[in-house]
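Novice: Attaching a single structure in structure tokens format; questions to follow.
The values are calculated or read from the model by the stated rules, or taken from the named source; none is laboratory data. On a predicted model such as this, the values are computed, not experimentally measured, just so you know. Reconstructed Cβ throughout: ideal geometry from the backbone, glycine too, with neighbour counts over all protein chains shown.
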């Protein structure tokens with residue numbers, strides 16, 4: 001069956017986020033690290049400071065990951081409280097990991113109308129999905145790089161992401177021509193891309 005729609009003008013969101021994690025044994029500053037909530041949409045911007053990368057990670061957690069982990073539906077009256085509980089669980093995990101490096105953590109819990117204020121354009125697109133034609137369902141088959149770095153045993157990935165001065169996130173869209181803002185490192189690195 002083919003569906004043809006007439007008289008409809010459609011647009012497609014076209015943000016592209018590229019993440020480069022450099023593996024260069026970064027120096028870890030003994031400091032207080034603030035995990036803020038930000039808005040990461042079309043850019044253009046290059047996130048290359050520790051604080052910007054921490055903000056992107058925390059925004060991903062509260063904008064997407066906590067809701068995805070909740071067993072409640074978004075319109076359940078207890079969904080917001082469950083997302084809050086899960087977000088705090090991740091804050092505790094990050095604090096526990098980073099305390100080993102004498103880093104104190106602070107997390108942004110600003111809310112508007114009961115929801116966290118942070119936003120990443122199409123944050124779910126960091127994952128890949130398989131379509132099951134028999135059951136007509138989508139299943140996630142890969143974790144995002146942010147879920148990978150939070151998994152037990154992947155502490156070094158988190159450290160490299162946060163503290164390498166060569167790790168960066170490029171936020172652009174494909175509606176305009178941009179010169180490549182990323183400065184690819186002269187060491188081993190991993191690259192991830194979210195496009196839609």
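Novice: Could you go through the stretch 54-66 and let me know if any residue there is modelled with pLDDT under 95, touching a helix residue (DSSP H, G or I) at 6+ places or on another chain (Cβ under 6 Å) and farther than 26 Å from residue 166 by Cβ.
Specialist: yes
Novice: Please determine, by comparing only the residues of the stretch 67-82 that are touching a helix residue (DSSP H, G or I) at 6+ places or on another chain (Cβ under 6 Å) and within 21 Å of residue 194 (Cβ to Cβ), which one is surrounded by the fewest Cβ atoms within 10 Å (Cβ to Cβ).
Specialist: For the stretch 67-82, the residue satisfying everything is 69.
A quick yes/no check of all residues on (1) touching a residue at least 60 places away in the same chain (Cβ under 8 Å); (2) not in a strand (DSSP E or B):
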residue	(1), (2)
17	yes, no
27	yes, yes
37	yes, yes
43	yes, yes
58	yes, yes
62	no, yes
74	no, yes
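Novice: What pairs can you find where one residue is in the stretch 160-180 and more than 27 Å from residue 148 (Cα to Cα), the other is at pLDDT 85 or above, and their Cβ atoms are less than 6 Å apart, with a gap of 6+ or different chains?
Specialist: 178/44; 178/172
Novice: Mind listing whichever residues of the stretch 112-167 are at pLDDT 85 or above, out of contact with any helix residue (DSSP H, G or I) (no Cβ under 8 Å at 6 or more places or on another chain) and either buried (at least 16 other Cβ atoms within 10 Å of the Cβ) or part of a loop (DSSP other than H, G, I, E, B) (or both)?
Specialist: The answer is 151, 152, 153, 159, 160, 164, 165, 166.
Novice: Failed condition for residue 37, given (1) under 22 Å from residue 164 (Cβ atoms); (2) modelled with pLDDT of 90 or more; (3) in contact with a strand residue (DSSP E or B) (Cβ under 7 Å, 6 or more places away or on another chain), with all others met?
Specialist: Among (1) under 22 Å from residue 164 (Cβ atoms); (2) modelled with pLDDT of 90 or more; (3) in contact with a strand residue (DSSP E or B) (Cβ under 7 Å, 6 or more places away or on another chain), residue 37 violates only (1).
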